[in-house]
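Asker: Take a look at this one; I'll ask things after.
The values are calculated or read from the model by the stated rules, or taken from the named source; none is laboratory data. Because the structure is a prediction, the values reported are computed rather than measured. Ideal geometry is used to build each Cβ from the backbone, glycine not excepted, and the neighbour counts take in all protein chains shown. Ligands, DNA and RNA are excluded from the accessible area calculation, which covers all protein heavy atoms including side chains. Shrake-Rupley method; radii C 1.70, N 1.55, O 1.52, S 1.80 Å.
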Amino acid sequence: QVQLVESGGGLVQPGGSLRLSCAASGRTFMINFMGWYRQAPGKQREWVATIDSDSNANYADSVKGRFTIPRDSAKNTLYLQMNNLKPEETAVYFCTARRFGNTYWGQGTQVTVSS
């Protein structure tokens, strides 16, 4: 089992920045992928970014150039650095991890982009 706990959400003005953290615990060795999804009110959960065990990152087109997904393997922590945030990116952001074909999710952290 893998446990994921997100933190760092909050209220930010349009154009601002925020960094989310996802702390992994439990059986963290051999995690193949970690990533972030988000879900806005009334919408489906959507993929934001993923990073694999070789630190290869992929991003949704909507966040390319503004978001990065650094990973600190020593701390078993994944981050989501979000810059130039837009109001439409208000959502609950979820951390996910995949290990041996099993997918794990955190409880989510709320990000609100508003003036």
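Asker: Can you list the lysines whose alpha carbon is less than 22 Å from that of K64, not counting same-chain residues fewer than 8 positions off?
Answerer: List returned: K43, K86.
Asker: Answer rounded, prolate or oblate for segment 24-115, using the Cα gyration tensor with square roots of eigenvalues a ≥ b ≥ c: rounded when a/c is under 1.5, else prolate when a/b is larger than b/c, else oblate.
Answerer: Judged from the Cα gyration tensor, segment 24-115 comes out prolate (a/c at least 1.5, a/b above b/c).
Asker: Let me know the charge dipole size of the chain about its Cα centre in debye, to the nearest 20, where only the beta-carbon of Lys, Arg (+1) and Asp, Glu (-1) is charged.
Answerer: The calculation lands at about 120 debye.
Asker: How high is the relative contact order of segment 1-100, in percent, with contacts defined as C-alpha pairs under 8 Å that are six or more residues apart?
Answerer: Across segment 1-100, relative contact order equals 37 percent.
Asker: Still on this structure: Any idea which of N58, V113, A24 is furthest toward the positive side of the dipole for the chain, if Lys and Arg beta-carbons carry +1 and Asp and Glu beta-carbons -1?
Answerer: The listed residue farthest towards the positive side: A24.
Asker: Would you mind telling me the share, in percent, of accessible area of the chain contributed by carbon and sulfur at probe 1.4 angstrom?
Answerer: Values: 2910 of 6210 Å².
It is 47 percent, rounded to a whole number.
Asker: If DNA, RNA and ligands are ignored and the probe is 1.4 Å, what is the ranking of M82, M30 by accessible area, most exposed first? Display every interim value, and only then the final one.
Answerer: Values: M82 0, M30 110 Å².
These residues rank, largest area first, as M30, M82.
Asker: Which value, in Å², gives the accessible area per residue of the chain when a 1.4 Å probe is used on the protein heavy atoms?
Answerer: Heavy-atom SASA per residue in the chain reads 54 Å².
Asker: Average projected area of the Cα convex hull of segment 1-77, in nm²?
Answerer: Over all viewing directions, segment 1-77 projects a mean Cα-hull area of 6.1 nm².
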